[in-house]
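Peer 1: Supplied in structure tokens, the structure appears directly below.
Derivation of every value follows stated rules applied to the coordinates shown; laboratory data play no part. All values derive from a computational prediction rather than experimental measurement. Neighbour counts are summed over all protein chains in view; Cβ atoms, including those assigned to glycine, are modelled from backbone coordinates with ideal geometry.
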Amino acid sequence: MRTPKVAVVILNWNGMQHLQQFMPSVVASTYPNLDVVVGDNASTDGSVAFLRDTYPTVRIIENDENYGFTGGYNRVLTQVEADYYVLLNTDVEVTPNWIEPIIALMESDERIAAAGPKLKSYHQKTHFEYAGAAGGFMDHFGYLFCRGRIFDVLEEDKGQYDTQSEVFWVSGAALFIRKELWDASGGLDETFFAHMEEIDLCWRLKNMGYKIMYSPASTVYHVGGGTLNAESPFKTYLNFRNNLLMLKNNLPFWRAFWVIGIRFWLDLLALLKFLLEGKGKNAWAISKAHQNFARRLFWKTKGEGRKIKRSGWQNLTGYYARSIVWDFFAGKKKKFSELDRKAFR
């Protein structure tokens, strides 16, 4: 029986503390045909020296500067040969046998392009973690949520989402992807720099007709917020700008035109909310996000992900044909299980 080659690729930038804490769980992985690779984005904290001294079997690929999550991975993965890549954050603790069930799942169906494990909180291990929980979904206006996490409400994991299933996206904190489809899709869009770039990639793969899967048979624990904390204006800027970029990249033209128009008004409400809360820098970050997005409507940058012809959506599974904002705030639906099941595609 064939044992595919798997490369776990960790992108690092000044993350020595996380490497010290979580690398032992990664190198203890039991998958028999495995390479562990660390791509370094020109760290200045001694990360590379630490890895060379402590983990001589781990391959290190050094970038000449910090290219962000997107540019960093794009450059590193051109130098890695494997059947499957696993993009893994530095702040993730993996568990025994975390690789095997997902590779078995992907091997069972060649239409599965990417997959992810159950993502739980490192600091509260009974609960799901914000970045991916039990698989990601998207609503009618491009807002993102997960089974186990809607906005900032995190559910306790009681086995309620232990069904293997197709989803809209999986988290870049622990993303399994076929190497051939990474290449065919163009990799990560470097205009994103960081945040939502993996969702853009998952959507691109879906528009190519492939599946994105969630596997509860694998669990990892994610710290989250390791590079930018939730209150960071730069993170606010990236989240708002990149969400608009993702819609532009993947929706058919006229639907993108309509949805993005509505999103500008909804984002304005978020800006006003920040102002009322005394968070002027975050409000200004939304304004800057809109300005940057408007400029990018008319030009393409080097490193922008390959565009798939947007004649229509090829795979709608994981799309929620309602407003999660309305259901959450007006409908008081705080859990995924409370949402309208008939609205899911």
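Peer 1: Given a Förster radius of 51 Å and the C-beta distance between residue 341 and residue 20 as r, what FRET efficiency does 1/(1 + (r/R0)^6) yield to the nearest 0.05?
Peer 2: Details: r = 44 Å, r/R0 = 0.87.
Efficiency for this residue pair is about 0.70.
Peer 1: For residue 314 and residue 166 in the same chain, what is the full-extension length gain: residue separation times 0.36 nm, less their Cα-Cα distance, in nm?
Peer 2: On the way: separation 148, 0.36 × 148 = 53.28 nm, distance 1.41 nm.
Full extension of this stretch gives 51.9 nm more.
Peer 1: Can you put 13, 182 in order of Cβ neighbours within 10 angstrom, beginning with the fewest? Show your work: numbers first, answer last.
Peer 2: Working: 13 21, 182 24.
Arranged by neighbour count, lowest to highest, 13, 182 become 13, 182.
Peer 1: While we're looking at this one, here's another question. With springs connecting C-alpha atoms under 10 Å apart, model the chain as a Gaussian network and identify which of 288, 279, 211 has the largest mean-square fluctuation.
Peer 2: 279
Peer 1: Among 206/288; 5/206; 118/335; 235/273; 120/273; 125/235, which pairs are too far apart, with a Cα-Cα distance over 27 Å? Kindly include the intermediate steps, with their values, before the conclusion.
Peer 2: Numbers: 206/288 30 Å; 5/206 24 Å; 118/335 17 Å; 235/273 17 Å; 120/273 29 Å; 125/235 25 Å.
Going by Cα-Cα distance, 206/288; 120/273 fall outside the 27 Å limit.
Peer 1: Let me ask something additional. How do 161, 31 line up, fewest other C-beta atoms within 10 Å first?
Peer 2: Values: 161 20, 31 17.
Lowest count first: 31, 161.
Peer 1: Can you give me the convex hull volume of the Cα atoms of the chain, divided per residue and expressed in Å³? Let's see the in-between values first.
Peer 2: Details: hull volume 46.6 nm³, N = 345.
Spelled out: Cα convex hull of the chain, divided by residues, is 135 Å³.
Peer 1: Who wins for biggest fluctuation among 159, 135, 15 in a Gaussian network model of the chain, springs between alpha carbons below 10 Å?
Peer 2: 159
Peer 1: Could you give the length gained on full extension between residue 45 and residue 151, defined as 0.36 nm per residue of separation minus the Cα-Cα distance, in nm? Provide the component values of the computation, followed by the final result.
Peer 2: Numbers: separation 106, 0.36 × 106 = 38.16 nm, distance 3.35 nm.
Contour length minus the Cα-Cα distance gives 34.8 nm.
Peer 1: Less than 13 Å Cβ to Cβ from residue 19, Lys/Arg counted +1 and Asp/Glu -1: what total charge do the surrounding residues give? Intermediate results must be reported in sequence, preceding the final value.
Peer 2: Numbers: positive: 52; negative: 40, 45, 53, 91, 93.
That works out to -4.
Peer 1: Could you give the size of the charge dipole of the chain about its Cα centre, using +1 on the Cβ of each K and R and -1 on the Cβ of each D and E, expressed in debye and rounded to the nearest 20?
Peer 2: Numbers: 42 positive and 37 negative charges, 311 e Å.
Here the size comes out at about 1500 debye.
Peer 1: So for segment 66-158, considering every pair of alpha-carbon atoms, how many percent are separated by more than 17 Å? The partial results should precede the final answer.
Peer 2: Details: 2697 of 4278 pairs.
When every Cα pair of segment 66-158 is considered, 63 percent fall beyond 17 Å.
Peer 1: Lys/Arg Cβ at +1, Asp/Glu Cβ at -1, dipole of the chain taken about the Cα centre: which of 133, 314, 168 is farthest positive-ward?
Peer 2: Of 133, 314, 168, it is 314.
Peer 1: Starting from the coordinates of the alpha-carbon atoms of segment 1-92, obtain the Kirkwood hydrodynamic radius over all distinct pairs and give the value in Å to one decimal.
Peer 2: 13.3 Å
Peer 1: In nm, to one decimal, how far is the residue 183 label point from the residue 321 one, both placed 7 Å along Cα→Cβ?
Peer 2: That separation, rounded to one decimal, is 3.9 nm.
Peer 1: Another question, if that's okay. Go through 75-88, 136-149 and give me the packing order, highest mean Cβ count within 10 Å leading. List each step's numbers first, then the result.
Peer 2: Values: 75-88: 19.9, 136-149: 22.0.
Those peptides, ordered most packed to least, come out 136-149, 75-88.
Peer 1: Under 16 Å from a point 7 Å along the Cα-to-Cβ line of residue 104: which residues of segment 19-42 have their amide N that close?
Peer 2: 30-33
Peer 1: Each label point is 7 Å from the Cα along the Cα-to-Cβ direction; what then is the distance between the points at residue 291 and residue 217, in nm?
Peer 2: The modelled label-to-label distance comes out at 5.1 nm.
Peer 1: Which Cα, out of 123, 274, 262, lies furthest along the positive dipole direction of the chain (beta carbon charges, K/R +1, D/E -1)?
Peer 2: Final value for the positive-end residue is 262.
Peer 1: Right, another one. Could you tell me which of 20, 106, 213 has its Cα farthest along the dipole of the chain towards the positive end, charges placed at Cβ (Lys, Arg +1; Asp, Glu -1), taken about the Cα centre?
Peer 2: Positive-end residue among those listed: 213.
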